[in-house]
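The values are calculated or read from the model by the stated rules, or taken from the named source; none is laboratory data. Note that the structure is predicted; figures quoted are calculated from it, not measured. Cβ: placed from backbone, ideal geometry, glycine included. Neighbour counts: every protein chain shown.
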Amino acid sequence: MRIHFLGANRQVTGSCYCLEAAGQRLLIDCGLYQERPYLHRNWEPLPIAAESLNAMVLTHAHIDHIGLLPRRVSEGLNAPLVMTRPTAALADIMLRDSAKIQSEDAKQKKKRHKREGRTPPHEVVPLYTEEDVERTLPMIESAPYNQPQSLCGGVFNVCFKEAGHILGSSMLEIDVLENGETQKVIFSGDIGQWDKPIIRDPTMFEQADYVVMESTYGDRNHKDYGDCEDQLADVVNRTIERGGNVIIPTFAVERSQELIYHLSRLNQYGRMPQVPVFLDSPMAVDVTRVFQQHKDCFDQDAWDMVIEGKSILDFPGMQLCRSRQESKMINEYNQPCIIMSTSGMCNAGRIKYHLRSNIPDARNSIVFVGYQAHGTLGRVISSGTNPVRIHGREYEVRAEIVQLSGFSGHTDQQGLMDWVGNFKQTPKKVFLCHGDEDAAQELSDRISNEYQLDVVIPEFQQTIELL
């Protein structure tokens, strides 16, 4: 048995791994690279021939975990794509939206080259198209939580366990049969925080032979500035008071719904001014419907609100924007407002237009509510760079830049330590992925020192034999 590390190694996005045993290959995740230094990898073929893959499983529907599926299908991938039922519903939405973004970005790049009088050496084409997505979706097979799925002739038995990251997110408990022996490999996926609204808490494990775990916040703990709802109320109130707009780059899945949940409560209890709240993301609207269709994945608190007849995903004053014209009209609005728009790391989508319009004005606030990977526009802005380049032009940063804690979909260093420290049987090796090198190294040192585990931080495209 061996594992190929094909993405999110010593950096965050582009999650992709391949388990190989008994002549069968199982791909785990197939994510888009979002950090600028690694964008070229999106255009490179999978080092393992796509047509040689026998099956694939997905941990969750974030684009850095599923975003290269259509590209791989165009390269010859033709195998079952297995995931939880909510992930299957979300993947349909996410991949269609991603294809549109790829096409729109290609068009914008062509226009910019023409305006600048540049003649690129190669024709500008999208990474993949909506037609590629249409060829991908029929391969999707959904599976319930906690019921093992036999794949690749029984070589891999995969059980999806709650990850607490987004709706439908899972950790993968994989029993691998080779040469008459079974070994257990666990992929953590993205580990969520405990006691988050709407979704259930992450799963804890006691036994595994090998563990592949994320390390996004491996070098830090979430700062405790108090309740995240209180933090949100503070920034909204002070920004509106000075006549500014609150701009929130958000992820269409989970983060948008969580923000709606908290803004609804702030409105309900009179803790913020009555101002328009724009959700400028057709995808986020569609995702909210998926949430409503999968209430079985809600945690007990959310269920209690549903039973009491309370809406947890809507409130008066919220305006849902689907068309490009509606999106453009937001920036013509001349009164204070709140604008939530995708993408969450500002690397694509409508948020760039809202940043262009709002970041030069000191009355406004740009509020980050999630991790900003190295090389993304969100990381550039949140790190204090000034000016910043958006759509090929430089913009002075005068708006207040705010990072709110408590909204992250990832647990922090202590949460990661608690998770890996729960194993009663010592794993043979722990592999740290999905984290910048410094974060992974600090987490590795702490795990090794406190739990005496053998920790490895794989290199990109490294193959490791599992004995």
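Looking at region 277-325 only, could you name the residues that are over 21 Å from Lys196 (Cα atoms) and touching a Phe, Trp or Tyr at 6+ places or on another chain (Cβ under 7 Å)?
Gln319, Cys321
Quick test for you: out of Val125, Val133, Val73, pick the one residue that is part of a loop (DSSP other than H, G, I, E, B) and over 19 Å from Leu19 (Cβ atoms).
Unique residue meeting the criteria: Val125.
Just give me the residues in region 352-370 being at pLDDT 95 or above and farther than 18 Å from Asn334 by Cα, in sequence order.
Correct list: Lys352, Val367, Phe368.
Within region 157-188, can you find the residues that are crowded, with 23+ Cβ neighbours inside 10 Å, in a strand (DSSP E or B) and either polar (S, T, N, Q) or within 26 Å of the chain's Cα centre (by Cα) (or both)?
Val158, Phe160, Ser170, Met171, Leu172, Ile174, Val185, Ile186, Phe187
Could you identify the single residue in Glu130, Glu162, Glu173, Glu178 that is out of contact with any helix residue (DSSP H, G or I) (no Cβ under 7 Å at 6 or more places or on another chain) and over 24 Å from His434 (Cα atoms)?
Only one candidate qualifies: Glu178.
From Asp195, Asp227, Asp175, which residue is over 23 Å from Gln292 (Cβ atoms), at pLDDT below 95 and not aliphatic (A, V, I, L, M)?
Asp227
Give the number of residues within region 426-458 that are of a type outside the set (D, E, K, R), more than 29 Å from Asp227 (Cα to Cα) and in a helix (DSSP H, G or I).
The number of residues fulfilling the criteria is 5.
Pick from region 129-156 the residues that are of a type in the set (D, E, K, R) and over 26 Å from Val211 (Cβ atoms): which of them is surrounded by the most Cβ atoms within 10 Å (Cβ to Cβ)?
Asp132
So which residues in region 350-385 are in a loop (DSSP other than H, G, I, E, B) and more than 15 Å from the chain's Cα centre (by Cα), if there are any at all?
Arg350, Ile359, Pro360, Asp361, Ala362, Arg363, Asn364, Gly375, Ser383, Gly384, Thr385
Of the numbered conditions (1) at pLDDT 85 or above; (2) exposed (fewer than 14 other Cβ atoms within 10 Å of the Cβ), Ser311 fails exactly one; give the number of that condition.
Of everything listed in (1) at pLDDT 85 or above; (2) exposed (fewer than 14 other Cβ atoms within 10 Å of the Cβ), Ser311 misses just condition (1).
Could you please find all residues in region 413-425 being modelled with pLDDT of 95 or more and outside any helix (DSSP H, G or I)?
Within region 413-425, Gly421, Asn422, Phe423, Lys424 meet the criteria.
Is there any pair with a first residue in region 411-429 that is free of Cβ contacts under 8 Å to residues at least 40 places away in the same chain and a second that is part of a loop (DSSP other than H, G, I, E, B) and of a type outside the set (Ser, Thr, Tyr) whose Cβ atoms are under 7 Å apart and which are 6 or more apart or on different chains, and what are they?
Thr426/Leu453
Could you list, in sequence order, all residues of region 292-342 that are in contact with a strand residue (DSSP E or B) (Cβ under 8 Å, 6 or more places away or on another chain), of a type in the set (Asp, Glu) and not in a loop (DSSP other than H, G, I, E, B)?
Selection gives Glu326 alone.
Counting only residues that are in contact (Cβ under 8 Å) with a residue 40 or more places away in the chain and surrounded by 22 or more Cβ atoms within 10 Å (Cβ to Cβ), how many does region 440-467 have?
Within region 440-467, residues that are in contact (Cβ under 8 Å) with a residue 40 or more places away in the chain and surrounded by 22 or more Cβ atoms within 10 Å (Cβ to Cβ) number 2.
Which is crowded, with 16+ Cβ neighbours inside 10 Å and under 27 Å from Val287 (Cα atoms), of Leu432, Leu355, Leu416?
Result: Leu355 is the single residue among Leu432, Leu355, Leu416 that is crowded, with 16+ Cβ neighbours inside 10 Å and under 27 Å from Val287 (Cα atoms).
Here are Arg356, Arg324, Arg393, Arg350: which of them is touching a residue at least 60 places away in the same chain (Cβ under 8 Å), basic (Lys, Arg) and not assigned by TED's automatic domain parsing to the domain that holds Arg96?
One residue alone meets the criteria, Arg350.
Under 20 Å from Leu68 (Cβ atoms) and free of Cβ contacts under 8 Å to residues at least 24 places away in the same chain: which single residue out of Val212, Val125, Val133 fits that description?
Val125
Restricting to region 72-116, what's the tally of residues that are without any contact (Cβ under 8 Å) to a residue 12 or more places away in the chain and either acidic (Asp, Glu) or in the same structural domain as Gly392 (by TED's automatic domain parsing) (or both)?
The total comes to 1.
Return the residues of region 392-407 that are assigned to a loop (DSSP other than H, G, I, E, B), modelled with pLDDT under 95 and either more than 24 Å from the chain's Cα centre (by Cα) or surrounded by fewer than 23 Cβ atoms within 10 Å (Cβ to Cβ) (or both); say none if nothing qualifies.
Selection gives Gly392, Leu404, Ser405, Gly406.
Of everything in region 214-273, what is of a type in the set (Gly, Ala, Ser) and in a helix (DSSP H, G or I)? Give them in sequence order.
Hits for region 214-273 are Ala233, Ser256, Ser264.
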